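Inspection log for the structure reproduced underneath, given as structure tokens.
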Amino acid sequence: MDSVNSAAKTELRKTPLNALHRKLGAKMVNFGGWDMPVEYPSSGGLIAEHKAVRNGVGIFDVSHMGDIRIHGEKTAGGALAAVQHISMNDASKLSIGQAHYSAMLYPQGTFVDDVIVHRLGEDDYLLVINAGTREKDIDWVRQNTSGFDCVVEDLSDAYTQLAIQGPRAAEVLQKLTDAGLSAVKNYWFTHGSVCGLPNRLIARTGYTGEDGFEIYIPGDTATSERVWNAVIEAGKEFGIVPCGLGARNTLRLESKMALYEHEISDSINVWEAGLDRYCKMEKGDFIGRAALAKASSSEVKRTLVGLETIERGIARDGYKVFDCAGEEIGVVTSGSPSPTLSKNIALAYVPPAFAEIGTIVCVEVRSQRIKAQVVPTPFYKRAKKASPQAAGTA
Amino acid sequence: MAYPANFRYTKEHEWVNVEGGVATIGITDYAQSELGDVVFVELPKVGAKLETGRSFGNIESVKAVSEIYAPAAGEVSATNDELTKTPELLNSDPHGKGWMVKVKLANAAEINSLMDAAAYEAFIAEKGKEASA
């Protein structure tokens, strides 16, 4: 067999928790130039980690993500104007303490990266960006906000970012903070102590399709390990496990959350990616708007659909998609067995004519073409809870 | 997990157990542990001809596809169809119930060039050192 990617020896970047992951026996991979845990055999491996997040709670080190703060200087609203210019969602709608999903676009309406925009203060924003695109994103933000009266700070290396995800995440984190987590709604954040560290950003966000939090703590190894271990200890009664990028990928895929260079890239536009609801054309001008206005969402040549293979085989990233007559029509952007659904699922770009639910297409898996069916997405959606208070009593 | 002393091993982490000119082939415990949860196995048909060093099947974990290479040339005389229904046998019993194919060897002497258990254990110990370097 081919040996699974082990971490290359040259110059991989490490998060402050790298030594701890290795001590835990994690399998490490090169992810966008970062030496990251892909799964922890000690947690029971990828499928066990995935199920822990769906049914209980898991913890992820996501310190490789980047953080860019944009705050105002002299002119009131200088930072807001800058964010509005580089981000497609409407940041003027954000309250202090609120976050939203958005993307930075090239003039042609394709993706620089997707981002979570947090409004920290009156004219103060935090953009959380992807690891693999960090340098590119920071350069992009600096270049394109230079005409605005604002200060851009790259805080990427200042923080260790931990994601605590799963239906029991709130109960675990509540033990470690004085912030009232039940009052924090999905895609809102608060500041509070975490393990005695004052004034930490605690956001009800994540990349798993499950309830959960992302916390930002000082990026030194001693503090990072102390907080990680405290979360593990607090989560023991709920069966918490460390989770790697493998489970992170299957969790986000089931929830149809985009991954850069897969569902979104510099050659895919917002309409094709189906991210219309995060793109506020009416908010005023922003980079990419003119091209998107011209492209119009009703005339896309390809669109992102969910597939489920109905013959034996797994449709994976990059596999070609064909129609029943044998003509090549598209490509799989992400594909994997779904641990929650016990089916083989995939996201693929196909012409709109093939996007209807129930349409049969073929995916080329090595030398064979296997049948797959267009299915509704997201593949998995968590059940809505009656109230945040009820969560702990279930 | 112990590596059976009567098996031979390849650098691609397959094992071969020869009994009466027929080689049973599988993947090693090290291989299954590197792969993680196996969810799909694709095997050749009975009668297929294997060529030394050529891919003859695939093992898929949740996250990756890995090819399986023939440790020696020969003709497939049996395949482990249990693996179609329960691919996780490759994780739970790689040297036993997780066997993949039986092959009638073209040249039984070919096996002699493969590693014995002691050499293989030294080989994977070295790999482990590289990975944690």
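The values are calculated or read from the model by the stated rules, or taken from the named source; none is laboratory data. Source: prediction; values computed, not measured. FYI the Cβ positions are ideal-geometry reconstructions off the backbone, even for glycines, and counts take in every protein chain you see.
Among the residues of region A:17-25, is there at least one that is more than 11 Å from chain B (Cβ to nearest Cβ), assigned to a loop (DSSP other than H, G, I, E, B) and at pLDDT 95 or above?
yes
Yes or no, residue by residue, for (1) surrounded by 18 or more Cβ atoms within 10 Å (Cβ to Cβ); (2) in contact with a Pro (Cβ under 8 Å, 6 or more places away or on another chain); (3) under 27 Å from A:LEU201 (Cβ atoms); (4) within 14 Å of chain B (Cβ to nearest Cβ):
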{"site": "A:VAL227", "(1), (2), (3), (4)": "yes, no, yes, no"}
{"site": "A:ALA230", "(1), (2), (3), (4)": "no, no, yes, no"}
{"site": "A:GLY244", "(1), (2), (3), (4)": "yes, yes, yes, yes"}
{"site": "A:TYR260", "(1), (2), (3), (4)": "yes, no, yes, no"}
{"site": "A:SER267", "(1), (2), (3), (4)": "no, no, no, no"}
{"site": "A:GLU282", "(1), (2), (3), (4)": "no, no, no, no"}
{"site": "A:ASP285", "(1), (2), (3), (4)": "no, no, no, no"}
{"site": "A:LEU292", "(1), (2), (3), (4)": "yes, no, no, no"}
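As an exercise: evaluate B:ASN107 against (1) surrounded by fewer than 16 Cβ atoms within 10 Å (Cβ to Cβ); (2) within 13 Å of chain A (Cβ to nearest Cβ) and give the number of the one condition it does not meet.
Every listed condition holds for B:ASN107 apart from (2).
Which of the residues that make up region A:171-183 are in contact with a Ser or Thr (Cβ under 7 Å, 6 or more places away or on another chain) and touching a residue at least 24 places away in the same chain (Cβ under 8 Å)?
A:THR177
I'm told A:ASP137 meets every condition in (1) in contact (Cβ under 8 Å) with a residue 24 or more places away in the chain; (2) out of contact with any Gly (no Cβ under 9 Å at 6 or more places or on another chain) except one. Can you identify the failing condition by its number?
(2)
With surrounded by fewer than 19 Cβ atoms within 10 Å (Cβ to Cβ) and either over 15 Å from A:VAL270 (Cα atoms) or hydroxyl-bearing (Ser, Thr, Tyr) (or both) as the only criterion, which of A:GLU327, A:GLU299 stands out?
Of A:GLU327, A:GLU299, the one residue that is surrounded by fewer than 19 Cβ atoms within 10 Å (Cβ to Cβ) and either over 15 Å from A:VAL270 (Cα atoms) or hydroxyl-bearing (Ser, Thr, Tyr) (or both) is A:GLU327.
Show me the helices (runs of 4 or more DSSP H) found entirely inside region A:200-311 where at least 2 residues are out of contact with any Asp or Glu (no Cβ under 9 Å at 6 or more places or on another chain), within 26 Å of A:ILE345 (Cβ to Cβ) and modelled with pLDDT of 95 or more.
In region A:200-311, the matching helices (runs of 4 or more DSSP H) lie at A:245-254.
Within region A:203-215, is even one residue under 19 Å from A:VAL57 (Cβ atoms), among the polar types (S, T, N, Q) and in contact with a helix residue (DSSP H, G or I) (Cβ under 8 Å, 6 or more places away or on another chain)?
yes
Just wondering, is there one or more residues in region A:295-316 that are within 14 Å of chain B (Cβ to nearest Cβ), small (Gly, Ala, Ser) and closer than 30 Å to B:ASP37 by Cβ?
yes
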